Amino acid sequence: MIQVTKPFLPPVEDYKKYIDKIWQRQWLTNMGPLSSELEMQLKEFLNLDHLIFVTNGTVALQLAIRALDLKGEIITTPFSFVATTSSIVWEGCTPVFVDIDKNSLNIDADKIEAAITENTSAILATHVYGNPCEIDKIEEIAKKHNLKIIYDAAHAFAVQYKGKSVFEYGDISICSLHATKLYHSTEGGLIITKDPSLLKKAALMRNFGISDFNKFAELGINGKNSEFHAAMGLVNLKYVDDIIAKRRELSLQYNIGLKNVKGYFPTWNTNSDPNFAYYPIVLQTEQLLLNVMEELGKNQIFTRRYFYPSLASALPYLEPKDLPITDDISKRVLCLPLYYDLTIEEVNLITRLILRTQNNTQW
Ligand SMILES: *Cc1c(COP(=O)(O)O)cnc(C)c1O
């Protein structure tokens with residue numbers, strides 16, 4: 001069986017070494033030494049000044065919205081994982097969806113200004129599949145209208161934009177370190193900002209708002225993470241370069257096999273290089289997508305309609321909104337299996353099955 005993704009597991013001996021130390025110290029959670037070590041090593045790896053390790057990417061989004069004290073409307077993308085939108089609603093704000101660009105599959109920066117009202121406080125954009133948004137245009141718009149920017153960079157671990165970590169952009173960027181992501185700590189998230197006072201605020205909020213023994217400086221929640229998760233993050237960090245190299249090799253093999261596929265691939269931002277977190281294709285029709293899924297499924301190969309349906313029409317707690325490009329793309333986009341243990345032979349099998357299905361599909 002081939003799943004769409006499979007979490008990376010390091011050699012268990014590597015992990016056990018850290019676990020033995022946890023047993024010796026008997027410090028299990030609450031910003032312990034491994035969590036601090038992970039934060040330090042990530043800053044070094046990503047060349048960043050400020051970040052904190054939190055429970056998961058969703059809590060990171062919620063803390064980002066809170067730390068920036070956002071109110072009213074937040075302009076966002078309908079083509080993302082549900083947590084991007086649900087965090088906005090959870091924090092009592094209103095998501096305002098802007099359609100995506102059909103080539104990058106990111107929010108269309110040229111359509112943002114038309115969605116701004118006097119109630120808009122921020123733009124929350126996702127770097128979809130790790131592909132950076134039109135960061136310069138978004139910054140210009142935010143500056144002109146005095147809006148904050150949050151980037152949902154859950155897919156963008158290790159991505160650079162103009163020679164710097166993509167996490168440096170926006171008032172806050174968040175990342176998810178969930179088991180299914182390119183780099184993970186089982187569960188986990190990161191909050192990244194260039195502003196030390198904002199980071200301090202988010203760090204207080206992560207720990208119930210407790211500033212000192214018996215002192216409360218902020219409204220807070222439990223956004224901490226444990227030493228066990230930090231240990232997984234520390235071990236996996238040693239393998240990230242390997243993981244990306246392997247995914248790159250598999251992706252290039254897909255490219256060769258799918259040269260004549262009836263569909264197209266999202267275009268990557270020219271100021272950046274891919275991290276190979278996903279392998280998406282936009283097929284020519286939804287029928288072809290369904291046929292491909294069926295054929296692969298018969299062979300125990302599982303793909304994922306990521307992201308389908310459009311968040312602007314699928315959520316029972318929001319008024320549905322039609323956005324022509326998102327509605328069209330989300331029906332036709334498919335993510336193919338891509339993970340560290342996948343083999344070139346398996347990629348070849350998948351591409352052969354896709355081409356066979358395409359030849360058997362009525363046009
Ligand atoms: C995974 C993901 C999240 C949520 O992260 P968790 O760590 O699972 O809470 C948010 N946004 C996007 C785009 C994601 O892919």
>> Out of all Cα-Cα pairs in the stretch 240-360, roughly what percent, to the nearest whole number, are more than 24 Å apart?
In response: 32
> Arg248: net charge of surrounding residues, Cβ under 14 Å, Lys/Arg +1, Asp/Glu -1, itself excluded?
Replying inline: -2
> Taking only C-alpha pairs under 8 Å that are 6+ residues apart, what is the relative contact order of the stretch 227-350 in percent?
Replying inline: 31
> Lys/Arg Cβ at +1, Asp/Glu Cβ at -1, dipole of the chain taken about the Cα centre: which of Ala312, Val54, Gln24 is farthest positive-ward?
Replying inline: Gln24
> Label points 7 Å out from Cα along the Cβ direction at Glu319 and Asp110: separation in nm?
Replying inline: 2.7
>> For the stretch 1-76, which chymotrypsin sites (Phe, Trp or Tyr not before Pro) pass both filters: DSSP loop (anything but H, G, I, E, B) and at most 16 other C-beta atoms within 10 Å?
In response: Trp27
> Could you work out Rg/(2.2 N^0.38 Å) for the stretch 178-234, with Rg from alpha carbons only?
Replying inline: 1.29
>> With just the Cα atoms defining each centre, how far is the stretch 1-66 from the stretch 83-118? Give it in Å.
In response: 30
>> For Cα pairs less than 8 Å apart in space and 6+ apart in sequence, what is the mean separation divided by the residue count of the stretch 12-237, i.e. the relative contact order in percent?
In response: 26
> So how much slack lies between Ala179 and Lys17, counting 0.36 nm per residue of separation and subtracting their Cα-Cα distance, in nm?
Replying inline: 56.3 nm
> Can you list the trypsin sites (Lys or Arg not before Pro) in the stretch 250-310 that are in a DSSP coil and have 11 or fewer other beta carbons within 10 angstrom?
Replying inline: Lys259
> Mean shadow of the chain, computed from the convex hull of its alpha carbons, in nm²?
Replying inline: 18.8
>> Students often get this wrong, so check it: of Lys17/Lys224; Lys137/Lys246; Lys238/Lys298; Lys17/Lys238; Lys17/Lys201, which have C-alpha atoms separated by over 25 Å?
In response: Lys137/Lys246; Lys238/Lys298; Lys17/Lys201
>> Which chymotrypsin sites (Phe, Trp or Tyr not before Pro) in the stretch 187-272 sit in a loop by DSSP (not H, G, I, E or B) and have at most 15 other Cβ atoms within 10 Å of their own Cβ?
In response: Phe208, Phe213
> From the square roots a ≥ b ≥ c of the eigenvalues of the alpha-carbon gyration tensor of the stretch 213-274, which class results: rounded (a/c under 1.5), prolate (a/b over b/c), or oblate?
Replying inline: prolate
>> So, R0 is 22 Å and r is the distance between the beta-carbons of Ile221 and Ser197; what FRET efficiency does that work out to, to 0.05?
In response: 0.70
>> Under the rule a/c < 1.5 gives rounded, and otherwise a/b versus b/c splits prolate from oblate, where does the stretch 93-228 land using the Cα gyration tensor?
In response: oblate
>> Normalised by the empirical 2.2 N^0.38 Å for globular proteins, what value does the Cα Rg of the stretch 135-197 take?
In response: 1.20
>> Using a 7 Å offset from the Cα along the Cα-to-Cβ direction at both Asp273 and Gln300, what is the distance between the two label points in nm, to one decimal?
In response: 3.7
> Assuming R0 = 30 Å, what is the FRET efficiency of Thr343 and Tyr264, from their Cβ-Cβ distance, to the nearest 0.05?
Replying inline: 0.70
> How big is the Kirkwood radius of the stretch 21-73, worked out from every pair of different alpha carbons and given in Å to one decimal?
Replying inline: 13.1
> How do the peptides 130-142, 95-107, 341-353, 149-161 rank, highest first, by the average count of neighbouring beta carbon atoms within 10 Å per residue?
Replying inline: 149-161, 95-107, 130-142, 341-353
>> Quick check on the chain: of the DSSP beta bridges with both residues there, what percent are antiparallel, nearest 5%?
In response: 55
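None of the figures in this text is laboratory data; all of them are computed from the coordinates on show. Owing to the predicted nature of the structure, the values given are computational and were not obtained by experimental measurement. Backbone-built Cβ (ideal geometry, glycine too); neighbour counts: all protein chains shown.
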